[in-house]
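*Asks:* Take a look at this one; I'll ask things after.
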Amino acid sequence: TVLLDMDGTLLDLHFDSYFWFEHLPMRYAESHGVNIDEARAFLEERIRHFEGTLQWYCLDHWSELVNLDVAKLKAEVKHKIKPRPHAETFLARLKALKKRLVLITNAHPAGLALKLDVTKIDQYLDIVISSHEFQSPKEEQTFWQCLQEREQFDPKRSVFIDDTPRILRS
């Protein structure tokens, strides 16, 4: 079993970085009549506050917090969603080797659906799981316990690939 993260592992982080630090602040500033620096400060403070929690990854939470449809705003810049170099070749080779490919991501289901629609990487995957299904991010042991109950993979015959140290430590 190959357990794979999505953002930063299979997909380039440019989309997420651009969205959270450029596009959302711009649209927040426009909508709320503040300047871009005030918008960035407001958002960056909240990003730091919720980092690593399920709310940090939850588009519904952010939509309520900023009083904007965050999923819709993400779709405005979906052209920036791209796989990392060689990610599709890597997935195709693993699939040819008959490995079980499981995408495990903290991405909210709406953001996940957008990214899969754009990249089509799900064609290589056996299953796609958002941590929102378990109501717990990958940073928490509850996620891993729920994943093991659902998928019953053998840890001795599995590998987990992720780009975030705190998640790897969990």
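The values are calculated or read from the model by the stated rules, or taken from the named source; none is laboratory data. Here the structure is a predicted model, which is why all the values come from computation and not from measurement. FYI the Cβ positions are ideal-geometry reconstructions off the backbone, even for glycines, and counts take in every protein chain you see. Side chains included, ligands, DNA and RNA excluded: accessible areas come from the protein's heavy atoms. Shrake-Rupley method; radii C 1.70, N 1.55, O 1.52, S 1.80 Å.
*Asks:* Residue separation times 0.36 nm, minus the C-alpha to C-alpha distance between SER158 and GLU88: what's the value?
*Replies:* In short, 23.2 nm is gained.
*Asks:* Based only on the alpha carbon positions, what is the Kirkwood hydrodynamic radius of segment 10-65, in angstrom?
*Replies:* For segment 10-65, the Kirkwood estimate is 11.8 Å.
*Asks:* Among TYR57, ALA41, ILE121, flag the residue with its Cα farthest along the positive direction of the charge dipole of segment 7-126, charges on Cβ as +1 for Lys/Arg and -1 for Asp/Glu.
*Replies:* Of TYR57, ALA41, ILE121, it is ILE121.
*Asks:* Now for a different question. Starting from the Cα of LYS138, draw a straight line to each of the aspartates and glutamates and keep only those under 17 Å, dropping any in the same chain fewer than 8 residues away.
*Replies:* ASP5, ASP7, GLU51, GLU149, GLU151, ASP162, ASP163
*Asks:* Follow-up. Roughly what % of DSSP beta bridges within the chain run antiparallel, to the nearest 5?
*Replies:* 10 percent
*Asks:* Can you compute the FRET efficiency between ARG100 and LYS120 using 1/(1 + (r/R0)^6), with r the Cβ-Cβ distance and R0 = 25 Å? Round to the nearest 0.05.
*Replies:* Given R0 = 25 Å and the Cβ-Cβ separation, E is 0.80.
*Asks:* Explain nothing, just the number: dipole magnitude of the chain about its Cα centre with +1 on each Lys and Arg Cβ and -1 on each Asp and Glu Cβ, in debye rounded to the nearest 20.
*Replies:* Roughly 860 debye for the chain.
*Asks:* Is segment 102-170 rounded, prolate or oblate when judged by the Cα gyration tensor, a ≥ b ≥ c being the square roots of its eigenvalues, rounded requiring a/c under 1.5 and prolate requiring a/b larger than b/c?
*Replies:* It comes out prolate by the Cα gyration axes.
*Asks:* What is the spread of the Cα atoms of segment 37-170 along each of their three principal axes, largest first, in whole Å?
*Replies:* Extents along the principal axes: 50, 33, 22 Å.
*Asks:* Helix-only estimate, please: 222 nm mean residue ellipticity of the chain, summing -39500 (n - 2.57) across DSSP H runs of length 4 or more and dividing by its residues, to the nearest 500.
*Replies:* -14000 deg cm²/dmol
*Asks:* Hey, another quick one. With +1 assigned to the C-beta of every Lys and Arg and -1 to the C-beta of every Asp and Glu, and no other charges, what is the dipole magnitude of segment 15-98 about the Cα centre in debye, to the nearest 20?
*Replies:* So the magnitude is around 780 debye.
*Asks:* How high is the relative contact order of the chain, in percent, with contacts defined as C-alpha pairs under 8 Å that are six or more residues apart?
*Replies:* This gives 34 percent for the chain.
*Asks:* Now for a separate question. Tell me the angle of helix 36-50 to the major Cα principal axis of the chain, expressed in degrees between 0 and 90 and rounded to the nearest ten.
*Replies:* Taking Cα atoms only, the helix is inclined about 40 degrees.
*Asks:* Sticking with this structure for a sec: Given a 1.4 Å probe, how much area per residue of segment 108-170 is accessible, in Å²?
*Replies:* In whole numbers, segment 108-170 has 56 Å² accessible per residue.
*Asks:* Using the Kirkwood radius built from alpha carbon pairs, what does the Stokes-Einstein equation give as D for segment 43-105 at 4 °C and 1.567 mPa s, in µm² per second?
*Replies:* Approximately 89 µm²/s, per Stokes-Einstein.
*Asks:* For an R0 of 25 angstrom, estimate the FRET efficiency from the Cβ-Cβ distance between GLN141 and HIS49 and round to the nearest 0.05.
*Replies:* In this case the efficiency is close to 0.65.
*Asks:* Pairing the Cα long axis of helix 87-96 with the longest principal axis of the chain, what angle in degrees results, from 0 to 90 and rounded to the nearest 10?
*Replies:* For 87-96 against the chain, the angle is about 20 degrees.
*Asks:* GNM, the chain, Cα, under 10 Å: largest mean-square fluctuation among ILE104, ILE121, ILE36?
*Replies:* Comparing ILE104, ILE121, ILE36 in the GNM, the peak value goes to ILE36.
*Asks:* Test of understanding: what is the full-extension gain from GLU64 to LEU168, defined as 0.36 nm times their sequence separation minus their Cα-Cα distance?
*Replies:* Contour length minus the Cα-Cα distance gives 34.5 nm.
*Asks:* Then there's this: At a 1.4 Å probe, what is the % contribution of carbon and sulfur to the accessible area of segment 76-156?
*Replies:* C and S fraction of accessible area: 51 percent.
*Asks:* When a/c reaches 1.5 or more, the comparison of a/b and b/c decides; with that in mind, is segment 105-144 rounded, prolate or oblate per its Cα gyration tensor?
*Replies:* prolate
*Asks:* Can you spot the lysines whose alpha carbon is less than 19 Å from LYS72's alpha carbon? Ignore those fewer than 8 places along the same chain.
*Replies:* LYS80, LYS82, LYS115
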